[in-house]
Amino acid sequence: MAHWLQLMAESLPSLLWAGLIFTIPLTLLSFVFGLALGLATAIGRLFGPMPLSAIARFYVWVIRGTPLLVQLFVIFYGLPSLGILLDAFPAALIGFTLNIGAYSSEIIRAVISSVPKGQWEAAYSIGMSWRQAMSRTILPQAARVAVPPLSNTFISLVKDTSLAAAITVPELFQAAQRIVATTYEPLILYIEAALIYLVLSSVLSQLQVRLERRFARYGGMLEANA
């Protein structure tokens with residue numbers, strides 16, 4: 001067996017284990033929490049009082065205007081100066097959640113705004129409250145439009161989790177770095193890590209296509225019923 005192939009085979013279990021224990025949980029938790037934060041931020045900007053809307057705008061402006069790596073460094077290395085000590089994984093989770101929350105809020109805000117005002121009027125005409133109209137009429141329609149951009153955000157997040165290695169989270173990329181430190185074979189190990197990320201992204205891309213098709217059929221059924 002070729003040396004490079006043997007090295008990749010020997011390091012593969014460690015890389016996959018790091019991905020399973022850290023990369024995937026970090027991705028899923030960050031996306032779920034970030035999506036909830038993004039929904040709250042979007043609703044606050046669209047329907048909240050002026051102070052709340054201003055806070056939401058400021059939050060989105062700061063997060064979108066600064067690099068994710070800098071945000072992670074501020075949380076993990078900067079907050080201890082204020083007496084706030086966080087372990088690496090929670091710090092990364094907070095950083096990714098804030099980042100996803102800001103970007104997803106713009107997507108959600110756009111798709112909610114794209115729903116025709118007639119849908120609101122129709123919901124109110126049959127006696128729905130604002131909350132009922134939002135949950136039963138507006139959000140289901142907005143979700144169908146939001147699937148592609150939010151799916152792309154999720155796929156990008158899988159790759160962005162490699163930045164957590166900079167704050168010592170032992171995820172997939174840092175596992176590769178540790179193996180490189182003992183084998184002195186950076187090209188082989190980094191290519192292997194890249195291939196694993198590529199496989200994950202490809203699988204998620206296929207799932208995205210299926211999800212979009214399902215929502216398209218659902219949307220067609222709604223239009224037919226209407």
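The values are calculated or read from the model by the stated rules, or taken from the named source; none is laboratory data. Predicted model only: the values in this text are computed from it and were never measured. Ideal geometry is used to build each Cβ from the backbone, glycine not excepted, and the neighbour counts take in all protein chains shown. Protein only, heavy atoms only, side chains kept; ligands, DNA and RNA dropped before computing areas. Shrake-Rupley method; radii C 1.70, N 1.55, O 1.52, S 1.80 Å.
Kindly evaluate Thr41 against the criterion of being assigned to a loop (DSSP other than H, G, I, E, B) and open to solvent by less than 70 Å² (accessible area, probe 1.4 Å).
no
One residue is enough: does region 193-203 have a residue meeting the conditions under 15 Å from Pro25 (Cα atoms) and open to solvent by 40 Å² or more (accessible area, probe 1.4 Å)?
yes
Among (1) open to solvent by 40 Å² or more (accessible area, probe 1.4 Å); (2) under 21 Å from Phe31 (Cβ atoms); (3) in a helix (DSSP H, G or I); (4) of a type outside the set (Phe, Trp, Tyr), which single condition is Ser113 missing?
Result: Ser113 passes all but (2).
Which count do you get for residues in region 167-217 that are charged (D, E, K, R), assigned to a loop (DSSP other than H, G, I, E, B) and either closer than 22 Å to Phe89 by Cβ or free of Cβ contacts under 8 Å to residues at least 40 places away in the same chain (or both)?
1
When both residues are 6+ apart or on different chains and their Cβ atoms are under 8 Å apart, which pairs have a first residue that lies in region 77-91 and is open to solvent by less than 60 Å² (accessible area, probe 1.4 Å), and a second that is hydroxyl-bearing (Ser, Thr, Tyr) and part of a loop (DSSP other than H, G, I, E, B)?
So the pair list comes out as Ala88/Thr168.
So for region 63-75 (the condition being under 22 Å from Ser151 (Cβ atoms) and in contact with a Leu (Cβ under 7 Å, 6 or more places away or on another chain)), does at least one residue qualify?
Scanning region 63-75, I find at least one residue that is under 22 Å from Ser151 (Cβ atoms) and in contact with a Leu (Cβ under 7 Å, 6 or more places away or on another chain), so the answer is yes.
From the set of residues in region 149-166 that are hydrophobic (A, V, I, L, M, F, W, C) and touching a residue at least 24 places away in the same chain (Cβ under 8 Å), which is most open to solvent (accessible area, probe 1.4 Å)?
Leu163
Starting from region 54-76, keep only residues that are in contact (Cβ under 8 Å) with a residue 60 or more places away in the chain, then list their pairs with residues that are assigned to a helix (DSSP H, G or I) and of a type in the set (D, E, K, R) whose Cβ atoms are within a distance under 8 Å, requiring at least 6 positions of separation or different chains.
Here the result reads Leu68/Asp160, each pair linking region 54-76 to a residue that is assigned to a helix (DSSP H, G or I) and of a type in the set (D, E, K, R).
Of everything in region 1-37 that's in a helix (DSSP H, G or I) and among the small types (Gly, Ala, Ser), which residue is surrounded by the fewest Cβ atoms within 10 Å (Cβ to Cβ)?
Ala9
I'd like the residue in region 1-35 that is without any contact (Cβ under 8 Å) to a residue 40 or more places away in the chain and either among the small types (Gly, Ala, Ser) or in contact with a Lys or Arg (Cβ under 9 Å, 6 or more places away or on another chain) (or both) and, out of all such residues, is nearest to Leu139 (Cα to Cα).
Filtering region 1-35 for residues that are without any contact (Cβ under 8 Å) to a residue 40 or more places away in the chain and either among the small types (Gly, Ala, Ser) or in contact with a Lys or Arg (Cβ under 9 Å, 6 or more places away or on another chain) (or both), the one nearest to Leu139 (Cα to Cα) comes out as Ala9.
For Ala146, indicate whether it is at pLDDT below 95 and either open to solvent by less than 40 Å² (accessible area, probe 1.4 Å) or on the phi > 0 side of the Ramachandran plot (or both).
When the stated conditions are applied, Ala146 passes them.
Is it the case that region 122-142 has a residue that's part of a helix (DSSP H, G or I), of a type in the set (A, V, I, L, M, F, W, C) and either open to solvent by 60 Å² or more (accessible area, probe 1.4 Å) or touching a Cys at 6+ places or on another chain (Cβ under 9 Å) (or both)?
Looking for residues that are part of a helix (DSSP H, G or I), of a type in the set (A, V, I, L, M, F, W, C) and either open to solvent by 60 Å² or more (accessible area, probe 1.4 Å) or touching a Cys at 6+ places or on another chain (Cβ under 9 Å) (or both), one finds at least one in region 122-142, hence yes.
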